[in-house]
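Okay, so here's the structure we're looking at.
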């Protein structure tokens, strides 16, 4: 483990040096290395990544990276910033809620430092799903603090709400010429009851409601509808029957000749799961944990899969005719690792190119991602 960390540290030194001057957030993304717009309608790129799950060791690391004053999560994400920031729109999954006044906790009831939001913004994320089984870990106050911090950082959010009006408002992000509706839902809240009088505080998974929400977003003008789902069986590489059934039913929902949902992004299982094109729509069953402490599975064993993940990247092209769907013309996945010793997210393909000994991890993730035939539908591994 130590030898591997020293190898990866060489890569991180290069990555961090290259990104040291790039911490400022610009929400219009004018300087992110994208080519100049071509004449006529253009498409856009969307990237999405998995669970941000700050255990106590992650919080301690952020304190160390801040030099002992406050918390700085930006170095943890610096290794993936070049991928995230160059997208037209980038989505994360903020699994935990934020605490206040230095009262921060990890598992089993999470309260994370609000500085996480600043790091997400600095990395290039435009929005995050906030519906998870931990959304109610600190009741209505936790939701309020989390969404307040994301708002201050300029990061949009979907899946939880401070007011009933907010719960009824669809999150819409602009990506180039397109308007993207982002919807988010969770299977459960770990049995924690909703705050009194706030049944709208977090969106629970309900097939009919998801379809209704997607159709409402489309009627309101959304060009692309993206649904984030906190679902699945933890520590299981393969999607479970409920995931597969819900994916089939949601992607089959149509209004006229147009699907109601254009992309499904899955979180929760802690491990990378397959990508699959279902009824012509891309589904990521599980992206894995992008940030998490050293993980222990249900058998009580330390499980490195809990620190492996993917980032999905999809290139959308405008419809050939008005009223048709925006088409995914390129689908990619980027394999990632959270190095618990170094406290950094590592882009595995770039690490390999610089000589780090991470080929076996990269190949395992690739095999899982492609296990349901996604390569035949055009999915490729990106950098």
Given the conditions (1) more than 19 Å from the chain's Cα centre (by Cα); (2) touching a residue at least 60 places away in the same chain (Cβ under 8 Å); (3) closer than 28 Å to residue 222 by Cα, report the number of the one that residue 268 does not fulfil. (1)
Take the conditions crowded, with 17+ Cβ neighbours inside 10 Å, in contact (Cβ under 8 Å) with a residue 12 or more places away in the chain and within 18 Å of the chain's Cα centre (by Cα) and apply them to residue 184. Does it pass? yes
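Count, please, the residues in region 85-104 that happen to be in a strand (DSSP E or B) and either in contact with a helix residue (DSSP H, G or I) (Cβ under 7 Å, 6 or more places away or on another chain) or buried (at least 23 other Cβ atoms within 10 Å of the Cβ) (or both).
Initially, region 85-104 is screened for residues in a strand (DSSP E or B), giving 89-94, 98, 100, 103.
With either in contact with a helix residue (DSSP H, G or I) (Cβ under 7 Å, 6 or more places away or on another chain) or buried (at least 23 other Cβ atoms within 10 Å of the Cβ) (or both) added as a condition, the list becomes 89-94, 98, 100.
Matching residues across region 85-104 total 8.
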Cβ pairs under 7 Å, 6+ apart or interchain, first in region 199-225 and touching a residue at least 40 places away in the same chain (Cβ under 8 Å) and on the phi < 0 side of the Ramachandran plot, second assigned to a helix (DSSP H, G or I) and surrounded by 19 or more Cβ atoms within 10 Å (Cβ to Cβ), ordered by first then second residue, are 201/143; 207/246; 207/250; 210/250; 211/250; 225/214; 225/217; 225/218
Could you tell me how many of the residues in region 335-349 are in contact with a strand residue (DSSP E or B) (Cβ under 9 Å, 6 or more places away or on another chain) and either part of a loop (DSSP other than H, G, I, E, B) or surrounded by fewer than 22 Cβ atoms within 10 Å (Cβ to Cβ) (or both)? 2
Which strands (runs of 3 or more DSSP E) does region 280-329 wholly contain that include 1 or more residues that are at pLDDT 95 or above, in contact with a strand residue (DSSP E or B) (Cβ under 7 Å, 6 or more places away or on another chain) and more than 19 Å from residue 181 (Cβ to Cβ)? 289-292, 308-317
In region 120-142, how many residues are outside any loop (DSSP other than H, G, I, E, B) and buried (at least 24 other Cβ atoms within 10 Å of the Cβ)? 6
Every pair of residues 6+ apart whose Cβ atoms lie under 9 Å, when the first sits in region 246-260 and is assigned to a loop (DSSP other than H, G, I, E, B) while the second is exposed (fewer than 12 other Cβ atoms within 10 Å of the Cβ) and modelled with pLDDT under 95: 256/323; 257/323
Residue 68, sole failed condition from (1) assigned to a loop (DSSP other than H, G, I, E, B); (2) out of contact with any helix residue (DSSP H, G or I) (no Cβ under 6 Å at 6 or more places or on another chain); (3) modelled with pLDDT of 95 or more; (4) farther than 20 Å from residue 309 by Cα: (3)
Quick one: in region 350-360, which of the residues that are surrounded by fewer than 20 Cβ atoms within 10 Å (Cβ to Cβ) and touching a residue at least 40 places away in the same chain (Cβ under 8 Å) is nearest to the chain's Cα centre (by Cα)? 350
In the set 79, 19, 50, the lone residue that is modelled with pLDDT under 95, closer than 21 Å to residue 116 by Cα, buried (at least 16 other Cβ atoms within 10 Å of the Cβ) and under 24 Å from the mean Cα position of the chain (by Cα) is 19
Output yes when any residue across region 361-383 is buried (at least 17 other Cβ atoms within 10 Å of the Cβ), farther than 26 Å from residue 329 by Cβ and in contact with a helix residue (DSSP H, G or I) (Cβ under 6 Å, 6 or more places away or on another chain), and no when none is. no
Cβ pairs under 7 Å, 6+ apart or interchain, first in region 143-166 and free of Cβ contacts under 8 Å to residues at least 24 places away in the same chain, second part of a strand (DSSP E or B) and crowded, with 22+ Cβ neighbours inside 10 Å, ordered by first then second residue, are 147/157; 147/160
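Farther than 17 Å from residue 345 by Cβ and modelled with pLDDT of 95 or more: is that true of residue 130 in this structure?
Working: farther than 17 Å from residue 345 by Cβ: yes; modelled with pLDDT of 95 or more: yes.
So residue 130 passes the test.
The values are calculated or read from the model by the stated rules, or taken from the named source; none is laboratory data. Nothing here was measured: the structure is a model prediction, and the numbers come from that model. Virtual Cβ from ideal backbone geometry, glycine too; neighbours counted across all protein chains shown.
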